């Protein structure tokens, strides 16, 4: 597959998400949207011929005090999360909490693609709970 395949995949993902929420195309070509208060970005990428993936990043919380309790909450959420990984990105005494998930999406029907996107986003929504004051 080519970059064209990734572009087509990203357009299919945009259409699936746009049926449920407002989606914008960012300056870098990624899709941007908000889900359950999390700021999210989605990008289709061809890793090798025939391996096109969707890569989603959601900012679950930002500027949180970098304390042991935050690490515990993130570890608990990672244990419960079915799709994705949550990380803490520290900046001095504050931190952002990010969820990332990349999955191969070639061959998924539109319905299956929408279901997969919603599964990932529902995990982001659940994981965000309790990270904010």
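The values are calculated or read from the model by the stated rules, or taken from the named source; none is laboratory data. Keep in mind that this is a model prediction, so the values were computed, not measured. Note that each Cβ is placed from the backbone with ideal geometry, even for glycine, and that neighbours are counted across all protein chains shown.
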Next on the checklist: Suppose we filter segment 36-48 for residues that are farther than 16 Å from residue 113 by Cβ and part of a strand (DSSP E or B); how many remain?
Outcome noted: 6
Checklist outcome for this item: Looking across segment 83-108 at residues that are at pLDDT below 95 and assigned to a loop (DSSP other than H, G, I, E, B), the single one that is surrounded by the most Cβ atoms within 10 Å (Cβ to Cβ) is 105
Item to check | All positions within segment 56-82 that are surrounded by fewer than 16 Cβ atoms within 10 Å (Cβ to Cβ), within 16 Å of residue 122 (Cα to Cα) and touching a strand residue (DSSP E or B) at 6+ places or on another chain (Cβ under 9 Å) | outcome: 78
Item to check | Criterion: at pLDDT 95 or above and either surrounded by fewer than 16 Cβ atoms within 10 Å (Cβ to Cβ) or outside any strand (DSSP E or B) (or both) - qualifying residue of 130, 123 | outcome: 123
Next on the checklist: I'd like to check something: does segment 53-69 contain any residue that is within 18 Å of residue 128 (Cβ to Cβ), in a helix (DSSP H, G or I) and more than 17 Å from the chain's Cα centre (by Cα)?
Outcome noted: yes
Checklist outcome for this item: Checked segment 8-28 for anything more than 13 Å from residue 42 (Cβ to Cβ) and not in a loop (DSSP other than H, G, I, E, B); matches are 8
Checklist outcome for this item: Per the filter on segment 96-114, residues under 17 Å from residue 40 (Cα atoms) and free of Cβ contacts under 8 Å to residues at least 60 places away in the same chain are 96, 97, 98, 100, 101, 102, 103
